[in-house]
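To keep things clear, I will list the structure first and then write my remarks on it.
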Amino acid sequence: MNKEHETAYERLKDRLASISDLSSANALLFWDRQTYMPEGGVAGRAEQMATLSRLAHEMFTDAETGRLLGSSGDPDPSSEKGALLRRVRRDHKRAIRLPAELVAEITRTTTLAEPAWVKAREESDWALFAPHLEKIVRLQREATEHLGYDDHPYDALLDGYEPGARKAQLETMFEELKGDMVPLVRAVAGRAKEEDRAALLHGTFTEAEQEEFGKVVINAFGYDWERGRQDRSVHPFCINFGPGDVRITTRFDKGWLAPALFGTMHETGHALYEQGINQGYARTPLGGGTSMGVHESQSRLWENLVGRSRPFWSHYYPKLQDTFPEALSGIDLEAFYRAINVLEPSSIRVEADEVTYNLHILLRFELEVALIEDELPILDLPAAWNAKMKEYLGITPESDAEGVLQDVHWSNGLFGYFPTYTIGNVLSVQFFDEAIKQRPEIPAEMKEGKFSTLHTWLRENIYRHGSRYDPDELIERVTGRSLVTAPYLRYLKNKFDELYDLD
Ligand code: ZN
């Protein structure tokens, strides 16, 4: 970098730091809205958040940002500077390609669509939502033409969540998953015994004690309370305002243990990633997780590979029984393990087990690709949804509310987002296998309620890099190969063959 490049780069970083501050302030307003804001704050808060987003967007797409990007030179892409410039140039290109009127139109449309979706779901009436979705899909298609793509318009949308991912690669991934999972689901269907069912986790579980137990677990995972806190919200999430403040929220259900128990581990997985990022990346675009899929791999790793495993519960189940003696004293470890790992097709994605979850995602992926291709009329969507449910899961939702209307994503214009959930599942095992290969003592430590070797390995290999590497580079660096489904399929097969005596 020569002097001129150096100066431009420093000025660019100052500018990006201010933009990051605006985004963090907006995130804090969001956090407050979801946790403590009184009902009366809704309208005012919407304005405040819109203003901050607009300021951040204007600053980012301003000609000055473009000029500084152009004058910052081309440092080695493997250096920190090179990585930062690459990411910012890509985001900037995306941001300036979308005309302001289109962005505004998308915001207006989705703002109206979400309440319409809420009502449509309440009344299970597709016709109330269909015209909104029609318009959203049209605008998404328009956006893809502005954003540009090589092979398929869906790639342009996907790229916003999973840089570098392509529809064709996802098709291969899902094809491989489907080949093993659909037969597995068929083989197991109806075999979950009554006592295995998740109903076992229903009973009376006081909120304070659930919270206390969750805290013990995430302390052991390595969640840093000096740089975090936990609050309550209807939809749990993890959010950060820089590396020094990474918060999680939880939903407690007094009659059902699972949502808070696994939800807390899940959100903590996201939080450990954010807390573990190199603090020198704060207020820069490198200071966050590299993609939605990689982020989800970390939440799933702690929730499923740790939190639904035998080693983990052999240590924690006696403690959980001590916490809730009335509900759990008559249930032994084995029964509990089976209860938290029931494999059973159901209509609702967010309640799905580890296997069927991906089939819910596959169905959404195929349908949204068809919508973006303009191959599927909106009015036919509910029937197409139900046909795929039948084909992949062998069930038919009782109503559109429990079918095509169950998720908020499409009403918010989130096309290309769903596949990142399955990318996360697949990667969680690829990363975990590598961790165990390098540090074989991890499972034995889990059995003792210790996670520091696993946490340290993840921080060293994944967390600390933030967004320095693109997802495909990171996966390659960490595991020596690109994303592969084999480890994930092997994991599921071993786990569920054993649970259901399939051999
Ligand atoms: Zn998540």
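The values are calculated or read from the model by the stated rules, or taken from the named source; none is laboratory data. Everything numeric in this text was worked out from a predicted model, so none of it was measured. Neighbour counts are summed over all protein chains in view; Cβ atoms, including those assigned to glycine, are modelled from backbone coordinates with ideal geometry. These area figures cover heavy atoms from the full protein model, side chains too; ligands, DNA and RNA do not enter into them. Shrake-Rupley method; radii C 1.70, N 1.55, O 1.52, S 1.80 Å.
Residues of segment 267-279 that are assigned to a helix (DSSP H, G or I), among the hydrophobic types (A, V, I, L, M, F, W, C) and more than 11 Å from the ligand (Cβ to nearest atom): LEU272 alone.
Taking the condition of being open to solvent by 40 Å² or more (accessible area, probe 1.4 Å) and in a helix (DSSP H, G or I), how many residues in segment 35-51 meet it? Counting residues in segment 35-51 that are open to solvent by 40 Å² or more (accessible area, probe 1.4 Å) and in a helix (DSSP H, G or I) gives 9. Confirm whether LEU12 is open to solvent by less than 60 Å² (accessible area, probe 1.4 Å), within 26 Å of THR250 (Cα to Cα) and either touching a helix residue (DSSP H, G or I) at 6+ places or on another chain (Cβ under 7 Å) or β-branched (Val, Ile, Thr) (or both). No.
Checking ALA17, ALA27 one by one, the residue that is under 18 Å from PHE241 (Cβ atoms), among the small types (Gly, Ala, Ser) and touching a strand residue (DSSP E or B) at 6+ places or on another chain (Cβ under 6 Å) is ALA27 and no other. Can you confirm whether GLY289 is within 14 Å of the ligand (Cβ to nearest atom) and either basic (Lys, Arg) or not in a helix (DSSP H, G or I) (or both)? Yes; evaluated as a whole, the condition is true for this residue.
Here ASP32 clears all of (1) exposed (fewer than 14 other Cβ atoms within 10 Å of the Cβ); (2) more than 23 Å from the chain's Cα centre (by Cα) except the condition numbered (2). It is to be established whether one or more residues within segment 109-119 are more than 15 Å from TRP410 (Cα to Cα), open to solvent by 70 Å² or more (accessible area, probe 1.4 Å) and without any contact (Cβ under 8 Å) to a residue 60 or more places away in the chain. Among the residues of segment 109-119, not one is more than 15 Å from TRP410 (Cα to Cα), open to solvent by 70 Å² or more (accessible area, probe 1.4 Å) and without any contact (Cβ under 8 Å) to a residue 60 or more places away in the chain, which makes the answer no. Report, ordered by the first and then the second residue, all pairs with beta carbons closer than 6 Å, sequence separation of six or more or different chains, a first member in segment 70-91 that is free of Cβ contacts under 8 Å to residues at least 12 places away in the same chain, and a second member that is outside any loop (DSSP other than H, G, I, E, B) and open to solvent by less than 10 Å² (accessible area, probe 1.4 Å). Close Cβ pairs (under 6 Å, with a partner that is outside any loop (DSSP other than H, G, I, E, B) and open to solvent by less than 10 Å² (accessible area, probe 1.4 Å)) amount to ASP76/GLY82.
Only one entry of GLY293, GLY269, GLY280, GLY287 meets the criterion of being more than 30 Å from ALA208 (Cβ to Cβ), at pLDDT 95 or above and open to solvent by less than 10 Å² (accessible area, probe 1.4 Å), and that entry is GLY293.
Of all positions in segment 183-204, none carries a residue that is buried (at least 21 other Cβ atoms within 10 Å of the Cβ), within 16 Å of the ligand (Cβ to nearest atom) and not in a strand (DSSP E or B).
ARG464 falls short on exactly one of the conditions (1) closer than 25 Å to GLU134 by Cβ; (2) away from the ligand (no atom under 16 Å from the Cβ); (3) charged (D, E, K, R), and that condition is (1).
Residues of segment 440-493 being assigned to a loop (DSSP other than H, G, I, E, B) and surrounded by fewer than 17 Cβ atoms within 10 Å (Cβ to Cβ), which ones?
PRO440, GLU441, GLU448, GLY449, LYS450, GLY480, ARG481, SER482, VAL484
Provide a single number: the residues in segment 244-266 that are part of a loop (DSSP other than H, G, I, E, B) and more than 14 Å from the ligand (Cβ to nearest atom). Qualifying residue count for the region: 6.
Look at (1) away from the ligand (no atom under 14 Å from the Cβ); (2) crowded, with 19+ Cβ neighbours inside 10 Å and you find that LYS319 fails only one, number (2). Across segment 227-236, the qualifying residues are those that are in contact (Cβ under 8 Å) with a residue 40 or more places away in the chain and surrounded by fewer than 19 Cβ atoms within 10 Å (Cβ to Cβ), and the one among them that is farthest from the ligand (Cβ to nearest atom) is ARG227. From the list LEU381, LEU367, the one residue that fits, being open to solvent by less than 20 Å² (accessible area, probe 1.4 Å) and more than 22 Å from the chain's Cα centre (by Cα), is LEU381.
Among the conditions (1) open to solvent by less than 60 Å² (accessible area, probe 1.4 Å); (2) without any contact (Cβ under 8 Å) to a residue 12 or more places away in the chain; (3) among the basic types (Lys, Arg), the only one that ARG54 does not satisfy is (1).
Would you check which residues across segment 419-461 are β-branched (Val, Ile, Thr), without any contact (Cβ under 8 Å) to a residue 40 or more places away in the chain and either within 16 Å of the ligand (Cβ to nearest atom) or touching a helix residue (DSSP H, G or I) at 6+ places or on another chain (Cβ under 8 Å) (or both) and list them? Once the filter is applied, which keeps residues that are β-branched (Val, Ile, Thr), without any contact (Cβ under 8 Å) to a residue 40 or more places away in the chain and either within 16 Å of the ligand (Cβ to nearest atom) or touching a helix residue (DSSP H, G or I) at 6+ places or on another chain (Cβ under 8 Å) (or both), segment 419-461 yields ILE436, ILE442, THR453.
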